[in-house]
Amino acid sequence: MADVYDSLYPTSGPAIDSMITFLDELRPAPASLLELGVGTGRLAIPLAEHGYRVHGVDASPAMLAKLHENDPTGGITSSVADFSALVVEERYDLVLTALNTFFMLPTQELQISCLRGIHDALADGGAAVFETYNPQNYHRLSEATTQIGHLAADALLLDTIQVNRQLQSALVVHTILGPAGLRKVPEVSRYAWPAEFDVMARLAGLRVTGRWAGWDRSPLSELTEKHIVVVERQNA
């Protein structure tokens, strides 16, 4: 996915600006920031340009190679790691897990393990921020659904979504049609309802301090597209 990731997700625009404003109000730059699932630097690069001291973690060496292509000045440090078993030497003022990355961990056990790693990675007074999709948006799908969009002027993207409600899992198969032919990239996520997330956070020594429908802190509703959740250490 590293070669098409930046085409799938915006690297600039109002959504990125709103995220930076949200984080700046929470813990302003030049705070230290750890991004889990940093990918190609879609968020890390504008955050570093804003003044944050950013370290990114990703399980994909190809993603990190693309990150450093996009960041020729070397403003972002990175490491290859499985963030479900997160071990860091430094502690951070902010930990960011954006764009459904947390739900990419396929079991409850791995999600709790990730939260425990985040607990240990937070500096005193630090906060962790999660951006996830609203579980209801997938959970209500009773049969396979296909969405079609343009990836580029000469490429088409077809997303086929299948949901297992009992396992709270969603399989999204990205089918890319372009000059190089056809390619399929599967993506599995395991969604957690807010009440379950709150319990998992408590088990990891964390507490939820805020939940909104967007970076603009708009209130949640059943039709909300995403959830923005802030957690801190329980003893903070």
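The values are calculated or read from the model by the stated rules, or taken from the named source; none is laboratory data. Because the structure is predicted, anything quoted here is derived from the model rather than measured. Here the Cβ positions follow ideal geometry from the backbone for every residue, glycine too, while neighbour counts run over all protein chains shown.
Numbers at a glance
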| read-out | value |
| --- | --- |
| Identity of the residue in segment 197-219, in contact (Cβ under 8 Å) with a residue 24 or more places away in the chain and more than 18 Å from the chain's Cα centre (by Cα), that ends up nearest to residue 15 (Cα to Cα) | 209 |
| Residues within segment 51-78 that are surrounded by 16 or more Cβ atoms within 10 Å (Cβ to Cβ) and in contact with a Pro (Cβ under 9 Å, 6 or more places away or on another chain), tallied | 2 |
| Filter pass, residue 73 being assigned by TED's automatic domain parsing to the domain that holds residue 228, of a type in the set (Ser, Thr, Tyr) and under 13 Å from the mean Cα position of the chain (by Cα) | no |
| Residue under evaluation residue 111, criteria (1) of a type outside the set (A, V, I, L, M, F, W, C); (2) within 15 Å of the chain's Cα centre (by Cα); (3) modelled with pLDDT under 95, criterion not met | (3) |
| Hits in segment 52-81 (condition: free of Cβ contacts under 8 Å to residues at least 40 places away in the same chain, in contact with a strand residue (DSSP E or B) (Cβ under 6 Å, 6 or more places away or on another chain) and among the small types (Gly, Ala, Ser)) | 56, 79, 81 |
| Matching strands (runs of 3 or more DSSP E) fully within segment 119-236 where at least 3 residues are surrounded by 15 or more Cβ atoms within 10 Å (Cβ to Cβ) and of a type in the set (Val, Ile, Thr) | 155-164, 169-178, 226-233 |
| Counted residues, segment 178-187 - those being closer than 26 Å to residue 225 by Cβ, over 14 Å from the mean Cα position of the chain (by Cα) and not basic (Lys, Arg) | 2 |
| Checking residue 11 against (1) at pLDDT 95 or above; (2) out of contact with any Pro (no Cβ under 7 Å at 6 or more places or on another chain), the condition it does not meet | (1) |
| Flag if residue 57 is modelled with pLDDT of 95 or more, of a type outside the set (S, T, N, Q) and within 13 Å of the chain's Cα centre (by Cα) | yes |
| Filtered residues of segment 72-89 (kept if farther than 26 Å from residue 169 by Cβ and at pLDDT below 95) | 72, 73, 74, 75, 87, 88, 89 |
| Hits in segment 85-118 - residues which are β-branched (Val, Ile, Thr) and crowded, with 21+ Cβ neighbours inside 10 Å | 95, 97, 101, 118 |
